[in-house]
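Working notes for the structure below.
The values are calculated or read from the model by the stated rules, or taken from the named source; none is laboratory data. Since the model is a prediction, treat every value here as computed from it, not as a measurement. So basically every Cβ, Gly included, is an ideal-geometry build from the backbone, and we count neighbours across all protein chains shown. Just so you know, the surface numbers come from the protein's heavy atoms only, side chains and all, with ligands and any DNA or RNA stripped out. Shrake-Rupley method; radii C 1.70, N 1.55, O 1.52, S 1.80 Å.
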Amino acid sequence: MSLPRRQFLKNMALSSAGIGLSIPVFPEVIPAKNGSRFTADSMVGIQMAAHSLYDEGIERTLDFLNKDAAINTLMIYSHTYYGIDKKPMQVLARDHFGLIPKNLANRKLPYVWVRHHEPAFKDTTLRHAPPQEGMEFFKQDIFKDIAAPARQRNMQVYARMLEAGDSRGSDGIKNYDKVKTVTVYGKVGKGACWNHPEYRQWIYATMQDMFETYELDGLQYGAERTGPLSNLVFKGEVPTCFCEHCRRRNQQKGIDPDRATEGYRLLYEYIKKVEAGKDDSADTVIVNVFKFMQRYPEILSWNYQWFRADEEIQQEMFNRVKRVRAQAKVVRHIDHQRSSWDIFYRSAVDYSEMTASADYIKPIVYHDVYGPRLRHWVIEEWNKRIFRDMTEEQVLDMFYAWMGYSKSSRVALDRLDTESMGPSYVFDEISRCVKAVNGKIPVIAGIGIDVLRHSPAGMMPQLSDPEILKQAVFKAIEAGAGGLLASREYDEMRHSSLRAFGQAVRQLY
């Protein structure tokens, strides 16, 4: 094993100072050029918000990204219902051209950065709220403004959109309340129902109208939700969706809606007893959960049909975009919970089937922040509920085995916060995706750079070590990735980290 000099010095400095921080040691990987799926023409993208380009200047931002970070593809948010305009100041990078970041909490930014046309939405009552006078940049049209500067630098432009999901930013969508999910108790839930015809038509109309209006090179789209069973047994949330459209769909598939409702309700009430420490059963929690799923097989069937609805949306959206512009590329965004820890999603939706509804698959592999996320979002939450009869260390060992992580990827529980997961984790997840798609479409590795971290003290940046970041890039390519995407968003990424990313990319040519 050889340790990059900078990391070696950093380890020595921390040791000398007596800081109780464990820094991981990774073998240096020299990227193999022969036989690689990655070439000088491969996609190297970045995700960013339009306001960052206007704040920092389109021309100089593109120059930096192209020259220093080796970026050739811009993935710019067309709609920001996901909530990227709500970040706290402390997670924003402070080395962008010497500019002091503006406090997003004090800004009034649009949710919609494109111009839509009323006739496109004739089949739905949902409407995007256009930018209003008084909002910053309300007169700007990002895809028109970026077109010429991007072409001059041979950079492609994609629209990026994440669905409204758990209702963040949904006040920018007229009539959104009409399409929200319904809980097992008949109450309004979070997010829109994937089976609601008006919600589907709104998504389709949005994409079709956007590609008819702008000469975009492609689209990156994704939903960052899992299913009712995961939300229940892992997070303790009330199960959704049981609206009339979901009931009709499942009934047509031979699934009894009443039994599904009863099964989910009883399982939810049992999990609440477990959380409260009031489970007096003679069996372990996991045995009891299996009892519910066997007595009510509709639980699993209902969960599976929820995922099927999501796949149908992805397929139809892909078809609509291709009908408007056949050469446009569609990137399938797979968020972190789907790519790396939700066992029910992983077993219900295989990467291989996504090849019919995408030109690229982009799984999230945020190595830096995965350690804290795995410990606090996964292991601790599972240990409160479905695996309450196990220790957290046992849950983690089981998790690693379930997910098929190699020995070099496995980090001990007490080191997850400080070491996090490393480049070997990137290799494992990208390898799995590459093997599943079997050469049908390229895999784009969503490399995490300075990704924000949720902590008891609030959101903080999880700053990337430049040498480990480079190794993550090399490991993604070694695993067979055909492209790279700097993630999460540009305004969080330090320019110093983006330079390290660019250096790694250029070593691959």
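Rounded to two decimals, what is the ratio between the C-alpha radius of gyration of the range 76-200 and 2.2 N^0.38 Å?
Output field value: 1.24.
Based on alpha-carbon positions alone, could you give the equivalent ellipsoid semi-axes of the range 288-386 from the gyration tensor, as √(5λ), descending, whole Å?
Each semi-axis is the square root of five times an eigenvalue, giving 30, 21, 8 Å.
Using the Cα centre as the reference, give the magnitude of the dipole from point charges on the C-beta atoms of the chain (Lys, Arg: +1; Asp, Glu: -1; all else neutral), rounded to the nearest 20 debye.
440 debye
Cα-Cα pairs above 34 Å in the chain: how many percent?
The share of Cα pairs beyond 34 Å in the chain comes to 38 percent.
If we restrict to alpha carbons, what Rg and Dmax does the range 299-338 come to, in Å?
For the range 299-338, the Cα-based Rg and Dmax read 13.1, 41 Å.
Can you list the residues, at least 5 places off or on another chain, whose amide H is less than 5 Å from the amide H of residue 189, using H built in the peptide plane?
Close amide H contacts, sequence-distant or interchain: 181, 182, 183.
Accessible area per residue of the range 186-279 at 1.4 Å probe, in Å²?
Averaged over the residues of the range 186-279, the accessible area is 38 Å².
Which entries in 253/291; 187/235; 139/440; 144/440; 108/272; 187/278 show an alpha-carbon gap greater than 30 Å?
Check vs 30 Å cut-off fails for 139/440; 144/440; 108/272.
Within straight cross-link reach of residue 407, meaning Cα distance under 23 Å, which lysines are found once same-chain residues fewer than 8 apart are removed?
435, 470, 475
Not counting ligands, DNA or RNA, and with a 1.4 Å probe, what is residue 296's accessible surface area in Å² rounded to the nearest 10?
Roll a 1.4 Å probe over it and residue 296 shows about 30 Å².
Over the chain, what is the relative contact order in percent, taking alpha-carbon pairs closer than 8 angstrom and at least six residues apart?
It rounds to 20 percent for the chain.
Could you give the radius of gyration (one decimal) and Dmax (whole number) of the Cα atoms in the range 361-422, in Å?
Using the Cα atoms of the range 361-422, the pair Rg, Dmax is 11.5, 37 Å.
Would you pull out the residues with amide H under 5 Å of residue 334's amide H, same chain only if 5 or more places away, H placed 1.01 Å from N?
Those qualifying (amide H under 5 Å, at least 5 residues apart or on another chain) are 362, 364.
Using a simple charge model, +1 on the beta-carbon of Lys and Arg, -1 on the beta-carbon of Asp and Glu, nothing else, what dipole does the range 362-509 show about its Cα centre, in debye to the nearest 20?
The calculated dipole for the range 362-509 is roughly 520 debye.
Quick one: give the max-minus-min coordinate of the C-alpha atoms of the range 355-509 along each principal axis, largest first, in Å.
Reported extents, whole Å, longest axis first: 50, 36, 28.
Which of the aspartates and glutamates could a cross-linker bridge to residue 180, judged by Cα under 13 Å and excluding same-chain residues fewer than eight apart?
Partners within reach: 163, 166, 171, 198, 244.
At 0.890 mPa s and 25 °C, plugging the Kirkwood radius over alpha-carbon pairs of the range 136-205 into Stokes-Einstein gives what diffusion coefficient in µm²/s?
166 µm²/s
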